[in-house]
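**Student:** Structure incoming, see below.
Just so it is clear, none of the values below were taken in a lab; they were calculated from the coordinates. Quick caveat, the model's predicted, so the values are computed rather than measured. When we count neighbours, we look across all protein chains shown, and the Cβ atoms used for this are built from the backbone with ideal geometry, even at glycine.
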Amino acid sequence: MTNDADTSTSSGPARLEPSRVERERRSYRRRQTVRSLLISVASTIVFAVVVWFVLVNSPGWDDVRRSFFDVETAIASFPSILVGLWLNIQVLFFAAILVGIFGSLLAIARTLRGAVFAPIRLGAAIYTDFFRGIPLLLVLYLVGFGIPALGFTDRLPMQVWGTVALTLTYSSYVAEVLRAGIEAVHPSQRMAARSLGLGYSKTLRLVVLPQAVRKVTPALMNDFVSMQKDVGLISVLGAVDAIRAAQIEVASIYNFTPYVVAGILFVLLSWPMIRLTDWYTARAQRREQMGGQV
């Protein structure tokens, strides 16, 4: 003869079913979600149709279509612009690595404590203030044309100087974002690490920096998206990137469609990171609303 306890043990734990009120709430939320989705899709379609109708019925639409949206010109210019985009990707790859390293060092320098480190903190502050205030275009001109004129180095490709200019500018932005993350870590975290016998460097590397990076990851990702766009400015130095290749095509055929092609390629290059940034930001907000629970 088996009792109830034996029966529950053999069949596994009892499964809790939601109440009738909870089921009604879930059903209502699902209906509201579907309704909101349908309204969003319908309103987007209506807006797109209205914009399209206004454009195609404007007096100068035919001229604009021939000058900016010519399909044959887009197909003919696409290969050369795509080759130029590969140069942008290369510059972006190396600049992102250098910005991550140099920006981290600047952030750490600005958070050093003690009177002996005052010159380092002051130098890092002056650097970040200067390069956050000067436009990237001017930095490109100063680095790309000024440093080679000094004659300290052999002639280097202009994409190298473009990478240097991007690194100098965006390191200041990344450093300030990381510094804000480091200062946002509660002092008790440092005290707990030091009480366990960790030195300053290990405390910073194992305790503070991981938490700081996690707090400011959305802001860092937004900086990376901005750098993906600004990498096209290296064309002002003469590097044949996507923008420069489009400019050459425009000058040869007197049609602005290659600029549109280059713009679409840059959007496609940035779109995955933009979507990833939005997803991560929404995920971080949900975690905060849940009290930090995963």
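**Student:** Beta carbons within 10 angstrom, averaged per residue: use that to sort the peptides 179-191, 134-146, highest first.
**Tutor:** The packing order, highest mean first, is 134-146, 179-191.
**Student:** Counting every Cα pair in the stretch 150-273, what percent are over 22 Å apart?
**Tutor:** Taking all Cα-Cα pairs of the stretch 150-273, the fraction more than 22 Å apart is 56 percent.
**Student:** What list of ³J(HN,Hα) values in whole Hz, one per residue of the stretch 108-116 in order, does the Karplus curve 6.51 cos²θ - 1.76 cosθ + 1.60 (θ = phi - 60°) give from phi, with Gly and Pro shown as x?
**Tutor:** Karplus values, whole Hz, x for Gly and Pro: 5, 4, 6, 9, 5, 10, x, 5, 5.
**Student:** Find the centroid of the Cα atoms in the stretch 41-91 and in the stretch 199-273, then give the distance between the two in whole Å.
**Tutor:** That distance is 21 Å.
**Student:** Now for a separate question. On alpha-carbon atoms, Rg over Rh for the chain using Kirkwood Rh?
**Tutor:** 1.14
**Student:** For the stretch 238-244, in order, what is each residue's ³J(HN,Hα) by Karplus, 6.51 cos²θ - 1.76 cosθ + 1.60 with θ = phi - 60°, in whole Hz (x at glycine and Pro)?
**Tutor:** x, 5, 7, 9, 5, 5, 5
**Student:** Take the Cα of M273, step 7 Å along the line toward its Cβ, and report every residue of the stretch 92-128 whose backbone nitrogen sits under 13 Å from that point.
**Tutor:** Only 92-100 fall inside the zone, counting backbone N under 13 Å.
**Student:** Spelling out what I want: for every residue of the stretch 48-60, take phi, set θ = phi - 60°, compute 6.51 cos²θ - 1.76 cosθ + 1.60 (Karplus), and round to whole Hz; glycine and proline get x.
**Tutor:** 4, 5, 5, 4, 4, 5, 5, 5, 5, 9, 6, x, x
**Student:** Sticking with this structure for a sec: Label points 7 Å out from Cα along the Cβ direction at R20 and F68: separation in nm?
**Tutor:** Each label point lies 7 Å from its Cα, and together they span 6.1 nm.
**Student:** What percentages make up the Cα-Cα pair-distance distribution of the stretch 92-194 when the bins are 5 Å wide from 0?
**Tutor:** Per 5 Å bin, starting at 0, the Cα pair percentages come out as 2, 12, 18, 19, 18, 13, 8, 5, 3, 2, 0.
**Student:** Starting with the highest mean, order 228-239, 149-160, 84-95 by the number of other Cβ atoms within 10 Å, averaged over the residues of each peptide.
**Tutor:** On the way: 228-239: 20.6, 149-160: 11.2, 84-95: 18.8.
Averaged packing, sorted descending, gives the order 228-239, 84-95, 149-160.
**Student:** Right, another one. Take S43 and W61, extend 7 Å from each Cα along the Cα→Cβ direction, and tell me the distance between the two endpoints in nm.
**Tutor:** Each label point lies 7 Å from its Cα, and together they span 2.5 nm.
**Student:** Remind me, relative contact order of the chain in percent, using alpha carbon pairs under 8 angstrom and six or more residues apart?
**Tutor:** Relative contact order for the chain comes out at 25 percent.
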